[in-house]
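The values are calculated or read from the model by the stated rules, or taken from the named source; none is laboratory data. This one's a predicted model, so the numbers in the text were calculated from it and none came from an experiment. Every residue, glycine as well, gets a Cβ built from its backbone with ideal geometry; the counts of neighbours run over all protein chains shown. Surface accessibility is based on the protein's heavy atoms, side chains included, excluding ligands, DNA and RNA. Shrake-Rupley method; radii C 1.70, N 1.55, O 1.52, S 1.80 Å.
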Amino acid sequence: MRALFLRDARLQALLDPEAELWRPVPVEVIALGGTPSALQPTSAVRAAFPDGTIGAIKSVTVAVAHNGSDIAFRLQWQDASADTGAAGQDDTGFPDAAAILFPTVPKAPLMSMGAPGMPVNAWYWRADEAGQGRHVSGEGLGTTETLDRELVKVQGEHRNGEWRVVIARAMRATASRPVAQLGAGGRIGVSLAIWEGSQGERAGIKAFALGPHEGWHELVLDGIT
C-alpha cells in the first residue's frame, strides 16, 4: 500500500472524500475476512456469532495520501444501508464503523489487538459520531482504550449504496500511551477494519484485513519531493 505525497494538500481538503485531489491517488482493493469466533470474549457471543457469520463486508477500496505532516486514508465500500443510530453509545445500537490499525512496536500482534508492552494504535470512525474520530490504544483482547477524540480527524458520507470515509491524523503525535509515528519516506505495518452495523457487528465482531507481514499489510510513504 502506497501513501502518495501531495505537496500543499491541506488537511481540510483531504478530509473531503469527493475532493478532486484524491483523483491521482492510487487505489488498492483490500480483501477483508471476519475475526475468528474463538477470539470473541464470551461464550454467549461465540454462540451468537459462530465462524463464518462474522465479517459482512468482504473488501474495501483504499487510497492513502500525505502532505508531509498529515496522512489521510480514503476508504470506500459497498453497504446498502447507513446505520447511524447509536448516539455514541456502545449499548443502544450498532453503527457502521471503520478503523485504521498500526503496530507501535515491531511484532505487535494484530490478531489479539496488541499484547502487554506491545500496543497497537487504532484511528476509529463511527457513523453515529459525526465528524469526530477516536484515537484508540490496545494491548490485548478487551483492553482497548480511547485516548482522545481530538487527534483523529474523520469525514464520511453514504451515497448510492456506498460509504466513502476519510480518516486522518498528524503523522507524528503525542499521547498518554504509545501511538503510531509515521514519517515521509518510511514504512509501517497497517491493517483496516469495517463494522457492518446492520449485522450487529461491534467491538471484536468485524471484518479486517490480514496481510503477509505477520498479519500486517505494509504501508510505504512517499518521500517529500
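Over all alpha-carbon pairs in the stretch 104-152, figure out the percentage whose distance exceeds 16 Å. All intermediate terms of the calculation are to be shown ahead of the outcome.
Numbers: 474 of 1176 pairs.
Percent of Cα pairs beyond 16 Å in the stretch 104-152: 40.
From the P(r) of the stretch 18-79, can you give the percent of Cα pairs sitting at distances over 17 Å? Counting every Cα pair in the stretch 18-79, those more than 17 Å apart make up 56 percent. The figure for K153 is an accessible area of roughly 80 square angstrom, using a 1.4 Å probe on the protein chains alone.
Along its first, second and third principal axes, ordered by size, the stretch 92-225 spans 37, 36, 30 Å in Cα coordinates. Using every pair of separate Cα atoms, the Kirkwood estimate puts the hydrodynamic radius of the stretch 151-211 at 14.4 angstrom. Measuring with a 1.4 angstrom probe and ignoring ligands and nucleic acids, T174 comes out at about 130 Å² accessible. Kirkwood radius and radius of gyration were both taken over the C-alpha atoms of the stretch 3-106, and their ratio Rg/Rh is 1.04. According to the Kirkwood relation over distinct C-alpha pairs, the hydrodynamic radius of the chain is 17.4 Å.
Charging the Cβ of each Asp and Glu at -1 and of each Lys and Arg at +1, and nothing else, the dipole of the stretch 1-101 about its Cα centre rounds to 360 debye.
Remark: relative contact order (the chain) = 26 percent; criterion is Cα-Cα distance under 8 angstrom and separation of 6 or more residues.
Measuring between their Cα centroids, the stretch 1-69 and the stretch 114-173 lie 11 Å from each other. Here, P(r) means the percent of Cα pairs in each 10 Å bin from 0 to the largest distance; for the stretch 70-144 it is 18, 40, 34, 7. Among H217, H135, the sequence by solvent-accessible area, most first, with a 1.4 Å probe is H217, H135. Counting only protein heavy atoms and using a 1.4 Å probe, the accessible area of R46 comes to about 90 Å². Computed over protein heavy atoms with a 1.4 angstrom probe, the accessible surface ordering of L219, L4, L210, L21, largest first, is L210, L21, L4, L219. From helices alone, the chain scores -1000 deg cm²/dmol at 222 nm; the rule is -39500 (n - 2.57) for each run of n ≥ 4 DSSP H residues, then divide by the residue total.
Our estimate of slack between S59 and A47, defined as 0.36 nm per intervening residue step minus the Cα-Cα distance, is 1.8 nm. Modelled this way, with points 7 Å down the Cα-to-C-beta line, the labels at E28 and V220 are 0.9 nm from one another.
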